[in-house]
Amino acid sequence: MSVPGAPEVPDVFDPRRYAVGVPHDDYRVLRDHHPVAWQEEPEVLGWPAGPGFWAVTRHADVVRVLKDATTYSSHLGATQIRDPDPEDLPFICGMMLNQDPPRHGRLRRLVSRAFTPGRVDRFTAVARERARALLAGALREAREGDGTVDLVASVTDEYALLNLADLLGVPESDRRLLLHWTQRVIGYQDPEEAGPAVLDERGRRVNPRSPAMLKDMFAYARGLAAYKRRHPADDVMTTLANDAELAEAELEMFFFLLTVAGNDTVRGAAPGGLLALAEHPEAYAALRDGKAELPLAVEELLRWHPPVLTFRRTAVRDTELAGRRIRAGDKVVVFHASANRDERAFPDPARLDLARSPNPHVSFGDGPHVCLGAHFARLQLRLFHEEVVRVLPEARLAAPAGRLVSNFINGIKSLPLRVT
């Protein structure tokens, strides 16, 4: 499937590559010469080989795929590159993330009711104070130690976890459960995050999204919902637990989605944005001096470091995309980080421009599946960066950031900063 005279198609599948950094040079080769390119899917890190997929790397094509749910389905094979085990597919496809319209729209409307204006206002004050307290603790830790602090361990993980626990109505003492479930599901390709492999009776690795691996999370969701019916509060789980239109299985799936996606979006974007600012001290200085508007800066940091690298669709019928013939049943994977650096959509995309406007990044997706919690994520990121620039005169790396082994999530596992 090579194009005469064009460079070879680079491999952008191997999750180990992303532990070094997002392969932007290879993305550009794909955008310029192979905008819809076939990728092999070999066995890696103990996970079995797959049939391969089409990598979509240009902004316009990514948007086209994300908006066209009638041609590119989220339901047929779910939304991860790796195919689920056939026996798990019906269960996995019950999640809102893996639904197509119109069922997806019904579920989305139900959960949207939980995000009331009053809840947003209350959440804003709590999250701001939380960011302030966590940063103050990190500064004390640095002063009492060697002048360095890991912002992921000391601030951003806790910030995302506590915000999520507050929003859902999970007791603060249980927040580590949320982190455990997130690491198990999101970080399954990274041996440090996923922990020891869980094998089935045939010696195969068990999918972290399988019913067997989610029993504990779903049991917790049922117990929490029952408690919220007896003791209602101003939180999302109270609203969902008392929604007569929502079946118990749907409630469990929502808890899964909000726990994993709601946590990891901010958990990845907050340190990712700070890493970008540390690597661009002039941008950090402009933000701290008030020369850059924070809402625009947050959008640019999201463009620069999208929390999600890829999402998969499955072709419903034979079609064509960027001159390539796509057959019904083929996997079609959009690359958000590549689309966000596409020269056809962004002037000078390799420059961090905190005043960039317009900024049509796809870090929260597009089309019917655009991120349900995007407003909350933006709010948390704005509050976080407001507090960071208030207390940190400069952002200086003390060591390279630690990155997640994943071709799905653009994760930062550690961010050692030197604090002056």
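The values are calculated or read from the model by the stated rules, or taken from the named source; none is laboratory data. As the structure is a computational prediction, the values presented were derived from the model and not from experiment. Cβ placement follows ideal geometry from the backbone for every residue including glycine, while neighbour counts extend to all protein chains displayed. These area figures cover heavy atoms from the full protein model, side chains too; ligands, DNA and RNA do not enter into them. Shrake-Rupley method; radii C 1.70, N 1.55, O 1.52, S 1.80 Å.
A single entry from Val388, Val370 fulfils the requirement of being surrounded by 18 or more Cβ atoms within 10 Å (Cβ to Cβ) and on the phi < 0 side of the Ramachandran plot: Val388.
Name the residues in segment 189-198 that are assigned to a helix (DSSP H, G or I), at pLDDT 85 or above and surrounded by 13 or more Cβ atoms within 10 Å (Cβ to Cβ), would you?
Pro191, the sole residue that qualifies.
Does segment 115-129 include one or more residues that are aliphatic (A, V, I, L, M), assigned to a helix (DSSP H, G or I) and closer than 24 Å to Ala399 by Cα? No. Within segment 83-99, is even one residue of a type in the set (A, V, I, L, M, F, W, C), in contact (Cβ under 8 Å) with a residue 12 or more places away in the chain and closer than 16 Å to Ala339 by Cβ? No, segment 83-99 contains no residue that is of a type in the set (A, V, I, L, M, F, W, C), in contact (Cβ under 8 Å) with a residue 12 or more places away in the chain and closer than 16 Å to Ala339 by Cβ. Entry remark, segment 2-55: residues being on the phi > 0 side of the Ramachandran plot and exposed (fewer than 13 other Cβ atoms within 10 Å of the Cβ) number 3 in total.
Of the residues screened, Thr314 is not one that is in contact with a Pro (Cβ under 6 Å, 6 or more places away or on another chain) and either farther than 30 Å from Asp25 by Cβ or surrounded by fewer than 23 Cβ atoms within 10 Å (Cβ to Cβ) (or both).
Does any residue in segment 117-132 that is touching a residue at least 24 places away in the same chain (Cβ under 8 Å) come within less than 6 Å, Cβ to Cβ, of a residue that is among the polar types (S, T, N, Q) six or more places away or on a different chain, and which pairs are these? Matching pairs, first to second residue: Ala127/Asn163; Ala127/Gln380. Does Arg222 satisfy being out of contact with any Pro (no Cβ under 9 Å at 6 or more places or on another chain) and surrounded by fewer than 14 Cβ atoms within 10 Å (Cβ to Cβ)? No.
Looking across segment 100-115, just one residue is surrounded by 13 or more Cβ atoms within 10 Å (Cβ to Cβ) and without any contact (Cβ under 8 Å) to a residue 12 or more places away in the chain, and that is Arg106. Evaluate the following for Pro295: is it in a helix (DSSP H, G or I) and crowded, with 23+ Cβ neighbours inside 10 Å? For Pro295, the condition - in a helix (DSSP H, G or I) and crowded, with 23+ Cβ neighbours inside 10 Å - is not met. Within segment 144-188, the set of residues being farther than 16 Å from Leu257 by Cα, open to solvent by less than 10 Å² (accessible area, probe 1.4 Å) and out of contact with any Lys or Arg (no Cβ under 9 Å at 6 or more places or on another chain) comprises Leu151, Val155. Leu134 falls short on exactly one of the conditions (1) within 30 Å of Gly46 (Cβ to Cβ); (2) out of contact with any Gly (no Cβ under 9 Å at 6 or more places or on another chain), and that condition is (1). Looking at Pro360, Pro400, just one residue is touching a residue at least 24 places away in the same chain (Cβ under 8 Å) and open to solvent by 20 Å² or more (accessible area, probe 1.4 Å), and that residue is Pro360. Taking the criterion of being more than 20 Å from Leu309 (Cβ to Cβ) and either in contact with a strand residue (DSSP E or B) (Cβ under 9 Å, 6 or more places away or on another chain) or not acidic (Asp, Glu) (or both), would at least one residue in segment 25-47 satisfy it? Yes - at least one qualifying residue is present in segment 25-47. Considering only segment 334-354, I want to know if a residue exists there that is in contact (Cβ under 8 Å) with a residue 40 or more places away in the chain, crowded, with 22+ Cβ neighbours inside 10 Å, of a type in the set (S, T, N, Q) and not in a helix (DSSP H, G or I). Checked against the condition, which is being in contact (Cβ under 8 Å) with a residue 40 or more places away in the chain, crowded, with 22+ Cβ neighbours inside 10 Å, of a type in the set (S, T, N, Q) and not in a helix (DSSP H, G or I), segment 334-354 yields at least one hit.
Whether a residue is part of a helix (DSSP H, G or I), modelled with pLDDT of 95 or more and small (Gly, Ala, Ser) was assessed, and Ala399 does not pass this test.
Only one entry in Glu201, Glu141 is closer than 30 Å to Leu397 by Cβ, open to solvent by 30 Å² or more (accessible area, probe 1.4 Å) and not polar (S, T, N, Q), namely Glu141. Taking each residue of segment 60-71 that is under 20 Å from Arg31 (Cα atoms) and among the β-branched types (Val, Ile, Thr) and looking for partners that are in a helix (DSSP H, G or I) and open to solvent by less than 20 Å² (accessible area, probe 1.4 Å) with beta-carbon atoms closer than 6 Å, six or more apart or interchain, yields Val62/Ala339. Against the numbered list (1) at pLDDT 90 or above; (2) in contact with a Gly (Cβ under 8 Å, 6 or more places away or on another chain); (3) among the hydrophobic types (A, V, I, L, M, F, W, C), Ala225 comes up short only at (2). In this structure, is Asp234 among the charged types (D, E, K, R) and open to solvent by less than 30 Å² (accessible area, probe 1.4 Å)? Against the criterion (among the charged types (D, E, K, R) and open to solvent by less than 30 Å² (accessible area, probe 1.4 Å)), Asp234 does not qualify.
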